[in-house]
Amino acid sequence: MDEFVKSIESQVIPLGVIDTQGSFSNIPFVFMYENKDGSDDFMPTGLLCKSFYRTMQQLPILAGRVKSKGIGNVSIVVDANDVNIPDYSEDQSDVHFDSLKAAGYKWSSWPKGVATTGPMTCANNDGEIKLINVHVVRLLNNSGVMIYLSIPHYVLDGEAHMEVMRRWCKVHQLMVAGQHADIDGLPAYTFD
């Protein structure tokens, strides 16, 4: 995470009127990964966290804070001296991936507490609105992983949200393969 914090440069990213229309909602997704071959090192904790923060280096907007200067004048302010650290947590579950699969992945079969944010954007326990919330849930007997990813609509729409996850997956794959240098060669994000 230190590399992530050191990589942040101060900037102000103005949001347009359309960006602020969905401003009070979070866009949550849950991704489920099965450990099909029973690998002991399936999506290891340290590497998953490290690849997340490496991905965040490429998305400094998610280290900012929502600031409003009146109606319709909203910006994301990124302060290199006061980084809004993403909310990243990991827990162990007593639910097996096979149980999720057998239930057709219905919400009622999920472990309790997967979602760490509600549908509306609001400050968390430290008074901050986090611009990305991640909850990794390790399933029983290392049978799989669930990843809850929520980003306020202020910042990204659904397609961009999916791109964040695709980038995290790509960075993780490159790190697993030991191709760390190739991460910097990935296309830069643009926000318009």
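When each pair of different Cα atoms in the range 63-192 is counted once in the 1/r mean, what is the Kirkwood radius in angstroms, to one decimal?
Details: mean 1/r = 0.0584 Å⁻¹.
The answer is 17.1 Å.
At 1.4 Å probe size, with every protein chain present, just tell me what the per residue accessible area of the range 48-172 comes to in Å². Can you show the working numbers first?
On the way: 5690 Å² over 125 residues.
Counting only protein heavy atoms, the per-residue value for the range 48-172 is 46 Å².
Under 10 Å, Cα contacts only: if you run a Gaussian network model on the chain, which one of D91, D126, D40 comes out with the highest mean-square fluctuation?
Comparing D91, D126, D40 in a Gaussian network model of the chain, the most mobile one is D126.
Express the relative contact order of the chain as a whole percentage, based on alpha carbon pairs under 8 Å and six or more residues apart in sequence. Present the calculation step by step, with values, prior to reporting the outcome.
Details: 310 pairs, mean separation 61.5, N = 192.
About 32 percent, as a whole number.
Give me Rg/Rg_expected for the range 1-125, where Rg uses Cα atoms only and Rg_expected = 2.2 N^0.38 Å with N residues. Write out the running numbers ahead of the final one.
Values: Rg = 18.1 Å, N = 125, 2.2 N^0.38 = 13.8 Å.
Rounded to two decimals, the normalised Rg is 1.31.
Report the charge-dipole magnitude of the range 8-165 in Debye, nearest 20, computed about the Cα centre from +1 at each Lys and Arg Cβ and -1 at each Asp and Glu Cβ.
On the way: 11 positive and 18 negative charges, 59 e Å.
For this selection, approximately 280 debye.
For the chain, which whole-number percentage of the solvent-accessible area (1.4 Å probe, protein heavy atoms only) is attributable to carbon and sulfur atoms?
Details: 5520 of 10370 Å².
C and S atoms contribute 53 percent here.
Can you give the accessible area of E128, probe radius 1.4 Å, in Å² rounded to 10?
Rounded to the nearest 10, the figure is 50 Å².
Which chymotrypsin sites (Phe, Trp or Tyr not before Pro) does the range 64-146 hold that lie in a coil by DSSP with at most 16 other beta carbons within 10 Å?
Numbers: sites: Y88, F97, Y105, W107; in loops: Y105.
Listed in order of number, the matching sites are Y105.
Would you tally the net charge around D79, using a Cβ to Cβ cut-off of less than 12 Å, leaving D79 out, and scoring K and R as +1, D and E as -1?
Working: positive: R65, K67; negative: E9, D82.
Residues close to D79 contribute a combined charge of 0.
Using a Cα-Cα cut-off of under 18 Å, which lysines could be cross-linked to K6, ignoring same-chain neighbours fewer than 8 residues away?
Partners found: K50.
Loop only by DSSP, 16 or fewer other Cβ within 10 Å of the Cβ. Give me the trypsin sites (Lys or Arg not before Pro) in the range 79-175 that pass, ordered by residue number. Kindly include the intermediate steps, with their values, before the conclusion.
Values: sites: K101, K106, K112, K130, R138, R166, R167, K170; in loops: K106, K112, K130.
Passing sites in the range 79-175 are K106, K112.
Take the alpha-carbon centre of the range 143-178, take the same for the range 29-54, and report the distance between them in whole Å.
If you average the Cα positions of each part, the centres end up 11 Å apart.
State the extension gain, in nm to one decimal, for the chain segment bounded by Q11 and S89, taking 0.36 nm per residue of separation less the distance between their alpha-carbons. Working shown, then result.
Working: separation 78, 0.36 × 78 = 28.08 nm, distance 2.68 nm.
Between Q11 and S89, full extension yields 25.4 nm more.
Roughly how tilted is helix 45-56, in degrees to the nearest 10 and between 0 and 90, from the longest Cα axis of the chain?
Helix 45-56 sits at roughly 30 degrees to that axis.
Where does the chain land at 222 nm, in deg cm²/dmol rounded to the nearest 500, when only DSSP H runs of n ≥ 4 count, each adding -39500 (n - 2.57), divided by all residues?
On the way: 5 runs with 48 residues, N = 192.
Estimated from H runs of four or more residues: -7000 deg cm²/dmol.
For the Cα atoms of the chain, what angle does the longest principal axis make with the long axis of helix 158-176, in degrees from 0 to 90, nearest 10?
60 degrees
For D40 and E128, calculate 0.36 nm times their separation in residues minus their Cα-Cα distance, and state this gained length in nm to one decimal. Kindly include the intermediate steps, with their values, before the conclusion.
Working: separation 88, 0.36 × 88 = 31.68 nm, distance 3.64 nm.
Full extension from D40 to E128 adds 28.0 nm.
The values are calculated or read from the model by the stated rules, or taken from the named source; none is laboratory data. The model shown is predicted, which means the values in this text are computed figures rather than measured ones. Using ideal geometry, Cβ is built from the backbone for each residue, glycine included, and neighbour counts are taken over all protein chains shown. Surface areas here come from the heavy atoms of the whole protein model, side chains and all, with no ligands, DNA or RNA. Shrake-Rupley method; radii C 1.70, N 1.55, O 1.52, S 1.80 Å.
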